[in-house]
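Asks: Please read through the structure below; I'll follow up with questions.
The values are calculated or read from the model by the stated rules, or taken from the named source; none is laboratory data. Here the structure is a predicted model, which means the values were calculated and not measured. Because the Cβ atoms are built from the backbone with ideal geometry, glycine has one as well, and the counts that use them run over all protein chains shown.
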C-alpha cells in the first residue's frame, strides 16, 4: 500500500470543513471522496471515487444498516399516518408538562436503550420528537440529547460495541505476544475482560458525556450556538431555523395523520416489537455462533458449564459479541413495519394499498439520510485507503512520556475519529498501537486499562464532533434536525467534556490521583463550567442563560402574567 503521509489528511478534512462552511454535507462529502481519488490515482480519480461509494453499499454490514434505516423510515411514516405520534403527544403533554421533564425523559430513555446505538437514535429520536416540538425544544437540543446518550451508553453497556472493544484489546495483546521485540507470553497478559472493566472509569468522555446531558437538561442552561437555537425555538416556535435542511420532515412529506382513533398502542406496540425482535435476533445469532466456535474447537462445553467456569457476565459478553446486530436490526425493523400494517388493517384505518403507499413514502423520508450515510462510509474508506489513521497514530507514537501518554492517546483517537467519521475504525487502528506504546514505555501492563479507556473516550468525542459520523447522521435524521446545525451546536458541549477529561488525565498522570477521586471532581467541574459559560455567553449576547425563562408563551405572544414570570405550563 502506498504511503501518502500528511496528504492523507486532505480528503476527510476537506469534506468536514466544506460541510461546516457550506452546510451542504452531500456535496462536501462527494468532493472529499473525489479528492481522495485524485490523490490515490494521481489522475482525475472519478473511477476510484465511485468504486469507494459502491464499495460502501456492497459491504454486508453497511447494506444491513441501510435496509434498517429505510424500514425505520417506513415505521415512522406508518406511526405518523395511523395517528400514533398524535396519541403520544396527547398523552405526554399532560405528563411531561415542562421542557425539563421532556428532556429528562429523553435522557433516561437514551440510557435505558443501551444495547445498540443505531436502535437508540431511531427509537428515542422518533419517540420524543413530537412532544419536544410541542414544548418548543429546538431540534438541535433534541439531537444533542439523543446523540450523547447513544454511543456513550453503548460503549459501556452490554452491546455489540463492548464485544468489538474486547476484540481490539485481544488483538493488541496478541500482537505483543507474537512480536519478536518483546519477551511476552500469553500467560503474562492480563485478561481481556478484566482490562475492559478496568478501562470503564478511564472511558471518561463517555461517562461525562452522559452526565453532561443531565446537567444541561436539568439546569436548562445553554451556551454557544445552542443558546441561540433554544431562544429561537422558545420565542418563535421554530424548532429548526428557517434555512435549515432537516434530514427527515415527516409533517411536510406525509401530510396530516389519521385522527379518527389516535391510540397509544399504535406507537408503543411496534416499538416493543422492534426491541424484542432485535434483541432476540442478536442473542440467537450470537448463541449459534458460540455453538459453532465450540464445534470448531472440538469442545463439548455446554452453556451451563461455560457459565459455571467463566461466569454469566463473560458468557453473555461472548454470546452478544458473536451476535449479528446488523441483521437483527433488519429483522426488528421489518417486524415493526409488519405490526403497524396489521394494526392499520385490523382497525380499518386504511386499506392494503394505502399501507403499502405509506411504506414507500417512508423510504423516501430516508433518502437524504441514506445518501449521506453511504458517502460518510465512503470517505471513511478513503481515509483507510490513504492510511490517515495510521499516519496520525504513527506521528504521535514517538512523542510521549508515561505521564502524558493518556492525554496523547485521547487526542490522537479524537482526531482520527473526527477525520474518519468512525469510532469503530478508530478503535481498530489506535487500540493495538496504544497497547504496544504503553508496554514499550513502562514494560508492564499497568497502564493498559487507562490506554483502552483513552482510546474509547477519544473515539466517541471524534464521533460526536464530526459531520461525517454515521451516528451523528442518524441522530439528526430521527430527530428531524439539520445535520450541520446538530454538529455545530453539539460541538460546544462535546468540547467542554473533552476539556474536563484532559484535566482528569492530567491529575492521574502527573499527580497520581485515582479515578475514584477525579471522577467526582470532574462532575463538579463540569457543573461549574456549564453555569459559568452559560452566564458569560448569555451576558455577551444579551440573552437569558435559560431560554424558558423568557416571557413568551407557546404562540409567541407575551403571556398574561406578571413581568419576569415564565409560562406556568412550560417552565
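Asks: Which of the following residues is part of a helix (DSSP H, G or I), in contact (Cβ under 8 Å) with a residue 24 or more places away in the chain and in contact with a strand residue (DSSP E or B) (Cβ under 9 Å, 6 or more places away or on another chain): 140, 171?
Replies: On the way: 171 fails: in contact with a strand residue (DSSP E or B) (Cβ under 9 Å, 6 or more places away or on another chain).
Only one candidate passes the filter, namely 140.
Asks: Does at least one position in the stretch 24-47 carry a residue that is without any contact (Cβ under 8 Å) to a residue 60 or more places away in the chain and more than 20 Å from residue 375 (Cα to Cα)?
Replies: yes
Asks: Out of 132, 143, which single residue is surrounded by 24 or more Cβ atoms within 10 Å (Cβ to Cβ), modelled with pLDDT of 85 or more and not assigned by TED's automatic domain parsing to the domain that holds residue 322?
Replies: 143
Asks: Still on this structure: Among 166, 176, which is the only one that is assigned to a helix (DSSP H, G or I), at negative phi, modelled with pLDDT under 80 and in the same structural domain as residue 461 (by TED's automatic domain parsing)?
Replies: When all the criteria are applied, what remains is 166.
Asks: Could I ask something else about it? So which residues in the stretch 35-73 are farther than 30 Å from residue 357 by Cβ, under 19 Å from the mean Cα position of the chain (by Cα) and buried (at least 21 other Cβ atoms within 10 Å of the Cβ)?
Replies: Of everything in the stretch 35-73, nothing turns out to be farther than 30 Å from residue 357 by Cβ, under 19 Å from the mean Cα position of the chain (by Cα) and buried (at least 21 other Cβ atoms within 10 Å of the Cβ).
Asks: Quick one: is residue 219 over 30 Å from residue 438 (Cβ atoms) and under 27 Å from the mean Cα position of the chain (by Cα)?
Replies: Working: over 30 Å from residue 438 (Cβ atoms): yes; under 27 Å from the mean Cα position of the chain (by Cα): yes.
It is true that residue 219 is over 30 Å from residue 438 (Cβ atoms) and under 27 Å from the mean Cα position of the chain (by Cα).
Asks: Separate question: Which of the residues belonging to the stretch 401-410 are assigned to a helix (DSSP H, G or I) and either surrounded by 24 or more Cβ atoms within 10 Å (Cβ to Cβ) or free of Cβ contacts under 8 Å to residues at least 60 places away in the same chain (or both)?
Replies: To start, the set of residues in the stretch 401-410 that are assigned to a helix (DSSP H, G or I) comprises 405-410.
Within the stretch 401-410, 406, 408, 409, 410 qualify.
Asks: Look at residue 121 and say whether it is in contact with a helix residue (DSSP H, G or I) (Cβ under 6 Å, 6 or more places away or on another chain) and at pLDDT 90 or above.
Replies: For residue 121, the condition - in contact with a helix residue (DSSP H, G or I) (Cβ under 6 Å, 6 or more places away or on another chain) and at pLDDT 90 or above - is not met.
Asks: Here's a check for you: in the stretch 98-118, which residue that is modelled with pLDDT under 85 and outside any helix (DSSP H, G or I) is nearest to residue 132 (Cα to Cα)?
Replies: Among those that are modelled with pLDDT under 85 and outside any helix (DSSP H, G or I), it is 113.
Asks: Only helices (runs of 4 or more DSSP H) wholly contained in the stretch 325-392 count here; list those with 3 or more residues that are in the same structural domain as residue 418 (by TED's automatic domain parsing) and over 19 Å from the mean Cα position of the chain (by Cα).
Replies: Answer list for the stretch 325-392: 367-386.
Asks: Then there's this: State all residues of the stretch 464-492 that are touching a strand residue (DSSP E or B) at 6+ places or on another chain (Cβ under 8 Å) and over 16 Å from residue 29 (Cα atoms); if no residue qualifies, say none. Quick ask: steps written out before the conclusion?
Replies: First, pick out the residues of the stretch 464-492 that are touching a strand residue (DSSP E or B) at 6+ places or on another chain (Cβ under 8 Å): 476, 480-482.
Answer for the stretch 464-492, where residues must be touching a strand residue (DSSP E or B) at 6+ places or on another chain (Cβ under 8 Å) and over 16 Å from residue 29 (Cα atoms): 476, 480, 481.
Asks: Condition first: farther than 30 Å from residue 350 by Cα and in a helix (DSSP H, G or I). Can you find one or more residues in the stretch 81-97 that meet it?
Replies: Checked against the condition, which is being farther than 30 Å from residue 350 by Cα and in a helix (DSSP H, G or I), the stretch 81-97 yields no hits at all.
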